[in-house]
Amino acid sequence: MNNMPLLLLIIWIILFSSLIFIIPIFLEKKHNEIKSEQFQENTDEFNYSQQSEIFNQSNVSEIEFQDINDTGVLVYNLRIDSNPKGAIFSLVPVTTKDDEIVDESYSGLTPFSIYGLRAGVYFLGMKLSGYADYSNDTIMIDKNTKNDIYVQLNPLEEPSDDEPSEDVVEVPIIYEQTMTCELNEMIRAAQEEGQNFLELPAATCIVQEPINIPVNFSIYGTQQETILIAGSPLSSILILNGSTGEVGNNVIKNIVLDGNAAALIGISIVGRSNVLLEDIKITHVRRQAVNIVGGKNWVDMNTLQELTEICPGIDTDGILSPRNKDVDKLYKILIDCPAFPEYVQQIAKNIILRRIVIIDSFLDNNIQNDETNDKYSGLINAQLVHNISISESYIEGKNSYGIKIFWWGTFSQIFGNTVKIIKEKDKNISFSLGIEVWNGGPFSKIFNNNVTRWISIDRSPHTEVYRNNVIHAIGQNSIGIEAVYSDDSQIYENTITGASVGISIDTGNENVVLQDNVIFNSTNYGIQLVHGNRAQQKNISIISNHIENVGENEAGFNKRGIFLNNNITDSLVEGNTVSNIGGSAIYLLRTNNILVKNNIIHCFNMKPIPTGTERAIYLNNAERTILENNEISSCEDVD
């Protein structure tokens with residue numbers, strides 16, 4: 001019993017020691033509980049989901065921790081979306097989690113994903129034409145933040161002069177002039193919601209990858225104030241790819257594409273039919289502004305074998321050679337062949353380009369002597385396309401072709417365009433044409449265009465070229481309008497100024513009509529039929545053309561008004577007015593059965609040569625020529 005006080009003392013010491021450790025732990029736990037409640041209350045101050053319906057509740061989940069950035073700061077991912085899509089948003093930081101003010105804002109088009117966002121408080125604003133601006137909420141970004149922010153924008157009501165209510169929070173939003181846009185994500189999101197188009201606001205978007213346009217989907221900008229600018233090297237800014245002849249049903253309208261000297265091509269269309277490009281400006285691309293490849297070259301051995309079976313009487317000899325005139329024979333037979341429409345299905349068709357503006361493009365040809373075949377491509381380039389229409393466009397470039405349609409570009413229509421092409425003397429470019437329909441473009445029409453350089457149709461029978469205005473800088477190797485192997489074509493009511501040759505009918509044409517054209521200030525010839533030694537030209541009608549001032553400032557040799565040169569037969573030169581010519585007004589060389597009648601010739605041989613061989617009408621080995629009722633007056637004669 002005498003040990004009882006000692007035992008009690010030991011127990012008391014043990015209890016006291018335990019309290020020393022237990023009480024701090026309890027207080028720390030209680031302190032943490034109070035601290036957690038206070039933080040939850042602060043978080044509730046930023047709980048905007050109840051008021052603004054900013055979250056799509058069916059699609060929210062806790063944001064995932066992403067990483068620690070280079071400075072050791074915790075960062076998160078965030079996705080911003082809206083209805084309608086395509087709204088311009090601005091996310092402006094107020095403070096970070098550590099009350100640090102950060103100069104790190106984000107702008108873009110919805111939907112948009114932000115990776116590596118620092119924790120903190122942010123203001124969010126959105127605007128979209130036709131909808132009320134959204135700028136009323138703050139967002140807390142931390143481990144409790146949802147990773148999908150969804151804003152339902154409200155359509156604008158009738159304008160009101162009422163002052164905003166006092167409970168509206170004015171958010172200091174600054175919308176950036178240039179932003180990064182994830183157009184492919186926007187397209188996917190629109191399709192997931194059953195939407196077949198995207199409306200883009202007036203904004204400048206940096207594009208870091210080609211934008212792929214699916215079938216049955218369209219993109220509309222805002223009156224060419226929607227600018228898509230390449231932010232890195234791209235094969236194309238917009239791509240419309242499909243299987244050969246696939247029906248696209250695409251409309252691209254009211255946008256500006258800036259290649260930024262990084263994108264090779266502005267718009268690339270491959271194997272896609274039923275496409276409308278309208279009110280688009282394309283600039284600073286390295287090569288073609290618009291490049292269209294409709295499909296394969298369907299004149300191959302397999303196709304020819306099939307055609308001989310289903311089109312009786314077809315003669316395939318020689319038509320595989322792209323430089324053989326018999327390629328026209330294939331068309332003539334196919335036109336009457338019931339299977340022709342089926343073979344047309346193998347290439348793209350129904351492509352419309354309207355009001356396209358192209359400037360400062362094909363930069364590769366401007367900065368170097370490009371030795372590739374691309375130097376012969378057009379700023380608008382189309383091959384294997386049936387029924388393409390290019391109209392009301394403005395195309396300006398150097399050392400390239402303006403519009404080039406080739407390889408079976410059947411039923412092309414090119415009208416109402418202005419095409420300004422400049423060929424620089426120091427560039428290694430053999431040709432630089434305004435408009436060319438080449439190697440298989442029958443039944444095409446080229447009309448009402450204003451063009452520098454020349455218009456050329458090659459192996460394109462049944463083509464009409466009319467009411468165009470072609471203006472050249474005076475010099476060599478330039479033609480106003482040219483036709484090669486293009487039977488049954490008509491060239492009429494065109495005005496041509498300053499070319500080396502006004503109109504050239506070159507190699508193997510039959511049944512071609514040149515009528516009511518006006519040709520001024522040519523350096524060599526007004527109208528020329530040439531290269532009959534390669535293939536005879538016959539049934540060419542040169543009627544009622546006005547030719548004035550040919551080679552009047554140079555020596556007379558090879559300065560002629562109308563020149564029929566070698567193996568031209570069964571043709572007519574009638575009712576033309578030819579005046580102020582350096583050499584002969586009409587010159588026939590090695591021709592057969594030509595009727596020259598009712599022409600008015602005034603002031604020829606203005607620059608005589610020593611041999612004195614130039615005449616009003618000069619016949620040189622011209623067999624069976626008939627001259628009838630031609631009116632001739634010298635330069636000294638007074639009208």
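Scan the stretch 234-249 for residues that are within 8 Å of SER273 (Cα to Cα) and either modelled with pLDDT of 90 or more or surrounded by 18 or more Cβ atoms within 10 Å (Cβ to Cβ) (or both) and jot them down. Write out each step before concluding.
Initial filter on the stretch 234-249 (within 8 Å of SER273 (Cα to Cα)): 245-249.
Result: GLY245, GLY248, ASN249.
Filter the stretch 375-393 down to residues that are within 16 Å of the chain's Cα centre (by Cα) and under 14 Å from LEU264 (Cα atoms) and give me whichever is modelled with the highest pLDDT. Out of the qualifying residues, it is ILE380.
Number of residues in the stretch 489-505 that are touching a Lys or Arg at 6+ places or on another chain (Cβ under 9 Å) and open to solvent by 10 Å² or more (accessible area, probe 1.4 Å): the value is 3.
Which of the residues spanning the stretch 224-233 are crowded, with 19+ Cβ neighbours inside 10 Å and over 26 Å from ASN350 (Cβ atoms)?
Here is the first cut: in the stretch 224-233, the residues crowded, with 19+ Cβ neighbours inside 10 Å are 226-230.
Selection gives ILE227, ILE229, ALA230.
Which residues, taken from the stretch 203-223, are exposed (fewer than 15 other Cβ atoms within 10 Å of the Cβ) and under 22 Å from LYS127 (Cα atoms)? Once the filter is applied, which keeps residues that are exposed (fewer than 15 other Cβ atoms within 10 Å of the Cβ) and under 22 Å from LYS127 (Cα atoms), the stretch 203-223 yields only GLN223. Among the conditions (1) at pLDDT 90 or above; (2) of a type outside the set (Val, Ile, Thr); (3) open to solvent by 10 Å² or more (accessible area, probe 1.4 Å); (4) closer than 30 Å to GLY242 by Cβ, ASN448 misses just one, which is (4). Scanning the stretch 180-192 turns up one or more residues that are under 30 Å from ARG118 (Cβ atoms), in a strand (DSSP E or B) and at pLDDT below 85. Whenever a residue of the stretch 184-200 is on the phi < 0 side of the Ramachandran plot, it has no partner that is of a type in the set (Asp, Glu) and surrounded by 14 or more Cβ atoms within 10 Å (Cβ to Cβ) lying with C-beta atoms less than 6 angstrom away and at least six residues away or across chains.
Mind listing whichever residues of the stretch 506-540 are touching a Phe, Trp or Tyr at 6+ places or on another chain (Cβ under 9 Å) and open to solvent by 10 Å² or more (accessible area, probe 1.4 Å)? The answer is ASP506, VAL513, GLN515, ASP516, ASN524, TYR525, GLN528, VAL530, ALA535. Total residues in the stretch 447-459 satisfying the condition of being closer than 17 Å to GLY402 by Cβ and in a loop (DSSP other than H, G, I, E, B): the figure is 4.
The values are calculated or read from the model by the stated rules, or taken from the named source; none is laboratory data. Model, not experiment: these values are computed from the prediction. Backbone-built Cβ (ideal geometry, glycine too); neighbour counts: all protein chains shown. Heads up: the accessible areas ignore ligands, DNA and RNA and are worked out on the full protein's heavy atoms, side chains in. Shrake-Rupley method; radii C 1.70, N 1.55, O 1.52, S 1.80 Å.
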